[in-house]
Amino acid sequence: MDKTGKNKITLTKLNIMLWAVAVIAVVVLVFGFCHTAKTSSARLEVDDRIDVTPTIITSMKQIGEWEFLSVNDEELVDTIKRGFLRDDKLVRIYYGKLSLGINMHDVSPRWIRQQGDSVLVALPKIELLDKDFIDEARTKAFIETGSWTDADRDSLYHRAYAKMLTRCLTEENIKTARENASLQFGKMLKALGIEKFAISWQE
Amino acid sequence: MMNRLYFNFLIVFAALAVAGCSRKQTPRQQPESVDTIPMLVMQVQKCSRLYTAEYKMHKIITHDDEIRMKGKFLNQDYDVALPMGSRKIAIPIDATVKAYIDLSSFSEKNVRRVGDKIDVTLPDPRIEMTSSRINHGEIRKYVALTRQNFSDKEMAGYEQQGRQAIINDIPQTGIMEMAKESAARVMVPFFVGMGFNEKDITISFRKDFSDNEIKKMIVTASDAERK
């Protein structure tokens, strides 16, 4: 074999060696990458918890609201903005509780008195005990398409308020509250050992 | 040779297309209809609750959300805030919390009479958040250009968390003591009117309550719905 032939063989061997090293390097890299990928993880997170902030008591007072009928209500309120291509819609569900009863701060000075062997009770008229009856923080966002402002939400609140008032503050409910008040007062007086009593209502 | 290859390819493609088109039309299953509007309920309940104490509470709910990338690389935990812009919101909320005595279960068992004296043990007070109001005019938001505005659902979620945070703070407010004192103030004239002397009337409660016990006395929305 001549000198050129020997050189060719040496070069071919070198090539094979280089290729082998390259292949091994690639395999090691791929293996290493796979191993790292297996033990690694990545995720995007958005924290949806609120921050810790203080709760402040703005007022405290002694009250005497005697509730005889409790009306829990839910109202579905929606609003639509007509658009060129599509209509935007906002639907929310509001929750509220209307309390019907008597305010003990409105009773007359001698609203309960003894007359002979009987007890006479004169109760003030049944009324809505608290005008703030919607628990707005419980509101459920049901449908929202398009963009809406806080003023739109405020307006929905007022509509839900009016709806609840119409639905719950009815003559029938006031009558039921009145009947229950008479029943409950009678029960209490009996529990205190009073058999003879008369309950009347102030107009 | 190439032409033949193209010809074969076309045949295979056409066959696949025909197969795709002539796929037997299975009757499309009608999606089961689901009522997505939650049942709206008006629940009327007869009761006899004497509300004796009222607290007005205020809270500013704040939320600062930034997108963070969290994970593990080379066995090392990492947590990096991505520079995609942040969003901030502050929602002022006012709530009314009231304490009441449930007198519907009041009976002769609650009354003890010895001569002219009367000793009345009232049922344990209960606490309830009766209303809450979001001050929409005072809501402040910051939304980076790269982020979407806060959705109604997200805001409602923060408000519900804020509501729960107020409820969790109730035991520290001292409303229970005021409720008891006020109940006595309302009930004493009742017994005086019935002919008892004020000095002969004793209004008491079963016991003093710890913060944990007070927590259990808070009537939540789900309790009210269950009733």
Completion exercise
Among the residues of region A:38-88, the number that are within 11 Å of chain B (Cβ to nearest Cβ), farther than 30 Å from B:MET69 by Cα and free of Cβ contacts under 8 Å to residues at least 40 places away in the same chain is 11
Practice task
Give me the pairs, please: first residue somewhere in region A:175-203 and on the phi > 0 side of the Ramachandran plot, second residue anywhere and part of a helix (DSSP H, G or I), beta-carbon distance under 9 Å, and either six or more positions apart or on two chains.
Solution key: A:GLY193/B:GLU108
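Would you mind stating whether A:ARG92 is within 27 Å of B:PRO92 (Cβ to Cβ) and at the interface with chain B (Cβ under 10 Å from one of its Cβ atoms)? Break it down stepwise before answering.
Working: within 27 Å of B:PRO92 (Cβ to Cβ): yes; at the interface with chain B (Cβ under 10 Å from one of its Cβ atoms): yes.
Against the criterion (within 27 Å of B:PRO92 (Cβ to Cβ) and at the interface with chain B (Cβ under 10 Å from one of its Cβ atoms)), A:ARG92 qualifies.
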Practice task
State whether one or more residues within region A:160-174 are of a type in the set (Lys, Arg), within 19 Å of A:VAL119 (Cα to Cα) and within 9 Å of chain B (Cβ to nearest Cβ).
Solution key: no
Handout entry: Residues that are charged (D, E, K, R) and either in contact (Cβ under 8 Å) with a residue 12 or more places away in the chain or crowded, with 18+ Cβ neighbours inside 10 Å (or both), drawn from region A:162-174
Key = A:LYS163, A:ARG167
Handout entry: Every pair of residues 6+ apart whose Cβ atoms lie under 6 Å, when the first sits in region B:65-87 and is farther than 19 Å from B:ASN149 by Cβ and more than 9 Å from every other protein chain (Cβ to nearest Cβ) while the second is assigned to a strand (DSSP E or B) and of a type outside the set (Lys, Arg)
Key = B:VAL80/B:MET69; B:ALA81/B:GLU66
Practice task
Tally the residues that are in a strand (DSSP E or B) and either without any contact (Cβ under 8 Å) to a residue 24 or more places away in the chain or at the interface with chain B (Cβ under 7 Å from one of its Cβ atoms) (or both), restricting the search to region A:122-159.
Solution key: 5
Practice task
Check region A:140-152 and report whether any residue there is buried (at least 19 other Cβ atoms within 10 Å of the Cβ), in contact with a Gly (Cβ under 7 Å, 6 or more places away or on another chain) and under 30 Å from B:TYR142 (Cα atoms).
Solution key: no
Practice task
For residues that are part of a strand (DSSP E or B) and of a type in the set (Lys, Arg), scanning just region A:39-93, find the one that is nearest to B:GLY162 (Cα to Cα).
Solution key: A:ARG92
Practice task
Examine region B:47-67 for a residue that is out of contact with any Phe, Trp or Tyr (no Cβ under 6 Å at 6 or more places or on another chain), at pLDDT below 85, surrounded by 10 or more Cβ atoms within 10 Å (Cβ to Cβ) and part of a strand (DSSP E or B), and state whether such a residue exists.
Solution key: yes
Fill in the blank from the handout: By residue number, the members of region B:110-147 that are β-branched (Val, Ile, Thr) and closer than 29 Å to B:ILE93 by Cα are B:ILE127, B:THR130, B:ILE134, B:ILE139, B:VAL143, B:THR146
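The values are calculated or read from the model by the stated rules, or taken from the named source; none is laboratory data. Just so it is clear, the model here is predicted, and its values are computed rather than measured. We place every Cβ from the backbone using ideal geometry, glycine too, and count neighbours over all the protein chains shown.
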